[in-house]
Each structure stands twice: as C-alpha cells, then as structure tokens.
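What follows is one structure encoded as structure tokens, with my remarks underneath.
Just so it is clear, none of the values below were taken in a lab; they were calculated from the coordinates. The structure displayed is predicted, hence computed values, not measured ones. Here Cβ is always computed from backbone atoms with ideal geometry, including for glycine, and neighbour counts include all displayed protein chains.
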Amino acid sequence: MHELSLAQNIVEIVHQHVPTPDLPKVRAVDVLVGAASGVVADSLAFSYSAIVSGTPLASSSMKIEHIPYRVHCRSCGLTSDHDDGLRICPACGSMETTVVSGTELRVQAIELAEEDR
Ligand SMILES: [Zn+2]
C-alpha cells in the first residue's frame, strides 16, 4: 500500500502547518498528483479518509488535482502532454526532452473553515 504511507505523510504535513486547536477546522487538503507520479489518486484519497477517521481531521477530505505529464522538446521546441509517461517528442521523435510537469505529488493548499463571527 504505497498510497497509505503517502497519505500518512500528507497528514503529517497538515499537522506541521496547522496549529493543533485548528485541526477540526480543516475542510480540505488540496494535493497535486502528476500523471507520471505513480500514485493512484482514488486510493490516496481513500487512504487519507481512513487515516483521519476518528481524529480531529475527520471532517476534512482530500481534493486531488491531476497534473498532466508534459515534456518540452529541446530539438524542435514543442511542449506536449503524454498520458503514458513517454519522453519521446511526438513531433520529431527526439529523446532530447525535458519533463515540465507530471511527476509531482505535492500538498498545494490546506483549506480551513471560516471563523464564526
Ligand atoms: Zn521535437
């Protein structure tokens, strides 16, 4: 269960950024998941829900934003998206490419409920 340990890490990141008294106010954790990160997004969100169940974070959920795998070709200058994680340029066939995005797994934001006024 690769995703379970990743979800555990994300819970720890939330704990590092949110003061303990504010943990019940966390509504959502926004996570960027790259297409070539090797992470199954549904499994990650499920693992998160399982971990926070019964904790001060129980009312929070994980919001996942999918990031396309994108490569930039240094031969012809084309930037293209690949679903399959190939690094070869679809226009000229060059392997001289740079990965622009798609390998990340990152906590983008932690959303807290508004204060009662
Ligand atoms: Zn190219």
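So the values come out like this:
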quantity	calculated
Hits in the range 14-28 - residues which are over 9 Å from ILE110 (Cα atoms) and either without any contact (Cβ under 8 Å) to a residue 60 or more places away in the chain or part of a loop (DSSP other than H, G, I, E, B) (or both)	HIS15, GLN16, PRO19, THR20, PRO21, LEU23, PRO24
Selection count, the range 65-98, where residues are closer than 28 Å to ALA41 by Cα, out of contact with any Asp or Glu (no Cβ under 9 Å at 6 or more places or on another chain) and of a type in the set (A, V, I, L, M, F, W, C)	2
Search result, residues across the range 17-59 that are in contact with a Ser or Thr (Cβ under 8 Å, 6 or more places away or on another chain) and charged (D, E, K, R)	ARG27
Residue match in the range 55-67 (condition: touching a Gly at 6+ places or on another chain (Cβ under 6 Å) and without any contact (Cβ under 8 Å) to a residue 40 or more places away in the chain)	yes
Exclusive hit being under 17 Å from LEU6 (Cβ atoms), in a loop (DSSP other than H, G, I, E, B), touching a helix residue (DSSP H, G or I) at 6+ places or on another chain (Cβ under 7 Å) and among the β-branched types (Val, Ile, Thr), set VAL31, VAL107, VAL39	VAL39
Residue that is surrounded by the most Cβ atoms within 10 Å (Cβ to Cβ) [pool: residues in the range 59-86 that are away from the ligand (no atom under 11 Å from the Cβ) and of a type in the set (D, E, K, R)]	ARG70
